Amino acid sequence: MQALCEACGAPISDERTCQDDFYQMLYWEHEFPALGVVHHLMVISYHLQHPHLYSPQGLNGIQQQLKQFIETDITPEQMRQGMRQAVDSGKRDYAITARPGSYGQYDHPMPWTLHACDVVAGGAENYIQNTHAWAQSIYSVLKQTGELT
Ligand SMILES: [Zn+2]
């Protein structure tokens, strides 16, 4: 039987998990710095599909960032700068990362259509385009399920 990621439902195996895909994408960004333009978008997409890694507030924060990214023409670079300013000015007064007993989750299993493994399968040459498609698909599912209003 095909094993599935408990967090996002992607097919996994003993040799490959979503975390491996995450590291593969980070590796590409390191190897090919031009790909780093979608770094922040990749990180929030990954964590939106693995919400237990973030606190409930952190999860809400990245949902709002995704919404801002999709609904406005803000670039990933501008989004990253905005984040940094918010952090620098001390506006972010909550912990992003999960702590025992305090982690993000959805009320229902989410019917994700694309996963980290799909972006990795597309190869480094399509990474920017596929990361955008991945983020867009997550946005659509969050909207459909009423998670994001
Ligand atoms: Zn997963």
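The values are calculated or read from the model by the stated rules, or taken from the named source; none is laboratory data. Because the structure is a prediction, the values reported are computed rather than measured. Every residue, glycine as well, gets a Cβ built from its backbone with ideal geometry; the counts of neighbours run over all protein chains shown. Quick note on the areas: whole protein, heavy atoms, side chains included, nothing else; ligands and nucleic acids left out. Shrake-Rupley method; radii C 1.70, N 1.55, O 1.52, S 1.80 Å.
Tell me yes or no: at least one residue of region 1-18 is under 14 Å from the mean Cα position of the chain (by Cα) and open to solvent by 60 Å² or more (accessible area, probe 1.4 Å).
no
Return the total of residues in region 95-123 being closer than 18 Å to S137 by Cβ and in contact with a helix residue (DSSP H, G or I) (Cβ under 8 Å, 6 or more places away or on another chain).
Here the count works out to 13.
Per-residue answers, yes or no, for (1) within 15 Å of the ligand (Cβ to nearest atom); (2) under 25 Å from K143 (Cα atoms); (3) not hydrophobic (A, V, I, L, M, F, W, C):
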{"residue": "Q2", "(1), (2), (3)": "yes, no, yes"}
{"residue": "C5", "(1), (2), (3)": "yes, yes, no"}
{"residue": "R16", "(1), (2), (3)": "yes, no, yes"}
{"residue": "D20", "(1), (2), (3)": "yes, no, yes"}
{"residue": "W28", "(1), (2), (3)": "no, no, no"}
{"residue": "L35", "(1), (2), (3)": "no, no, no"}
{"residue": "L41", "(1), (2), (3)": "no, yes, no"}
{"residue": "L53", "(1), (2), (3)": "yes, yes, no"}
{"residue": "G58", "(1), (2), (3)": "no, yes, yes"}
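What about V87, is it in a helix (DSSP H, G or I), hydrophobic (A, V, I, L, M, F, W, C) and either modelled with pLDDT of 95 or more or crowded, with 19+ Cβ neighbours inside 10 Å (or both)?
It is false that V87 is in a helix (DSSP H, G or I), hydrophobic (A, V, I, L, M, F, W, C) and either modelled with pLDDT of 95 or more or crowded, with 19+ Cβ neighbours inside 10 Å (or both).
For region 61-78, which residues satisfy the criterion of being in contact (Cβ under 8 Å) with a residue 40 or more places away in the chain and open to solvent by 30 Å² or more (accessible area, probe 1.4 Å)?
Selection gives K67, I70, E77.
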